[in-house]
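Structure, as structure tokens:
The values are calculated or read from the model by the stated rules, or taken from the named source; none is laboratory data. For clarity, every value in this text was computed on a predicted model and none was experimentally measured. Cβ: placed from backbone, ideal geometry, glycine included. Neighbour counts: every protein chain shown. Areas reflect the complete protein model, heavy atoms only, side chains present, ligands, DNA and RNA absent. Shrake-Rupley method; radii C 1.70, N 1.55, O 1.52, S 1.80 Å.
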Amino acid sequence: MVRLNKYIADCGVCSRRAADKLIMDGAVSVNGKIVKELGVSVDETNDSVIVSGHKVEPVSRYRYIMFNKPKGCVCTVKDEKGRKTIFDYIDIKDVRLYPVGRLDYDTEGLILLTNDGSLAYKLTHPSQDIPKTYIVKVEGTVPENDLATLRNGIELDGIRLHKSKIKFLKMEDEDTLSRFEITIYEGRNRQVRRMFETIGKEVVFLKRVSVGDLKLGGLGRGLWRYLTDKEIELLKTY
Ligand code: URA
């Protein structure tokens with residue numbers, strides 16, 4: 001529970017003192033009833049507070065962004081080898097954001113960042129099985145039986161991976177490269193590259209295009225954007 005004037009101030013409407021004046025003027029209702037006394041408390045999660053006809057809600061302390069990581073940078077705050085980091089591209093300095101999971105130095109694509117520690121923890125927990133989809137290119141062609149082996153869930157780091165989905169998309173670069181879409185359900189270190197290594201194929205291009213329901217879409221390389229309220233809600237359903 002929180003005092004009504006503080007709640008209104010936390011919603012970014014005005015100062016606590018100005019909120020007291022609005023309350024005394026009869027401009028504030030709680031759950032449909034006008035409240036004129038000062039000192040009333042409200043339940044931040046369940047009560048509905050209307051100020052001058054508008055429902056007010058606390059401004060979230062949390063930020064959620066999607067970044068299109070280019071290859072050639074690491075997902076840490078500082079790199080001991082002095083390499084570029086994703087934070088060289090993200091001009092948010094007033095809060096400390098953390099990447100949700102990692103993409104390796106040579107991999108590009110969708111990475112989420114947030115200062116909502118509990119959501120980040122939930123999303124990266126091994127029990128979550130969130131699907132992550134990548135575009136992969138390897139040299140030459142890959143025999144169907146090797147693809148079947150990968151789809152079936154190989155063993156990596158002593159654990160058996162989930163089945164993965166692998167779709168051949170097309171040949172590229174004068175038919176020298178095969179392009180696939182792969183969906184995996186874990187986030188083990190260099191997982192896609194190591195999966196292809198087990199069938200003797202080196203990955204020459206790797207880009208993550210979606211995480212759960214979130215899609216990279218047309219976001220340019222090296223650019224970031226805030227998630228929409230809808231996207232944040234979707235993430236919270238995990
Ligand atoms: N698989 C990889 O090999 N690298 C990544 O960055 C992510 C998945």
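Scale the Cα Rg of the chain by the rule-of-thumb value 2.2 N^0.38 Å and send over the ratio, two decimals. Spell out each step's value before the answer.
Working: Rg = 24.0 Å, N = 238, 2.2 N^0.38 = 17.6 Å.
Normalised Rg, Cα atoms only: 1.36.
For trypsin sites (Lys or Arg not before Pro), the sites in the range 40-140 that DSSP calls loop and that have at most 11 other Cβ atoms within 10 Å are Arg61, Lys78, Lys81, Lys93, Arg96. What you get for the range 164-214, charging only the Cβ of Lys and Arg (+1) and of Asp and Glu (-1), is a dipole of about 280 debye around the Cα centre.
With a cut-off of at most 14 other beta carbons within 10 Å, and DSSP calling the residue loop, which GluC sites (Glu not before Pro) in the range 197-238 qualify? Please list them.
Here the sparse-neighbourhood loop sites are Glu202.
By the rule of a C-alpha distance below 14 Å, with chain neighbours fewer than 8 residues away ignored, the aspartates and glutamates paired with Lys201 are Glu139, Glu144, Asp146. Only protein heavy atoms count here; on that basis, with a 1.4 Å probe, Asp43 has an accessible area of about 40 Å².
Can you sort Lys201, Lys36 by 1.4 Å-probe accessible area, starting with the largest?
Solvent-accessible surface, decreasing: Lys36, Lys201.
Out of all Cα-Cα pairs in the range 131-211, roughly what percent, to the nearest whole number, are more than 17 Å apart? Cα-Cα pairs of the range 131-211 separated by over 17 Å account for 38 percent. Centre-to-centre separation between the Cα atoms of the range 11-39 and those of the range 49-78: 28 Å. A straight Cα-to-Cα reach below 16 Å connects Lys236 with the aspartates and glutamates Asp116, Asp129, Asp213, residues fewer than 8 places away in its own chain not being considered.
Taking amide H atoms as placed 1.01 Å from N in the peptide plane, the amide H of Phe205 lies under 5 Å from those of Lys137, each 5 or more residues away in sequence or on another chain. For Gly109, the residues whose modelled amide H falls within less than 5 Å of its own, excluding neighbours fewer than 5 places apart on the same chain, are Lys69, Arg208. My understanding is that a pair violates if its Cα-Cα distance is over 27 Å; which of Lys78/Lys163; Lys71/Lys167; Lys78/Lys230; Lys84/Lys165 do that in this structure? Table pairs above 27 Å Cα-Cα are Lys78/Lys163; Lys78/Lys230; Lys84/Lys165. The accessible surface of the range 2-55, taken with every protein chain in place and a 1.4 Å probe, is 49 percent carbon and sulfur. Think of the chain as having a plus end and a minus end, set by charges on the Cβ of Lys, Arg, Asp and Glu; of Val211, Ala18, Ile184, Ala18 sits farthest toward the positive end of this dipole.
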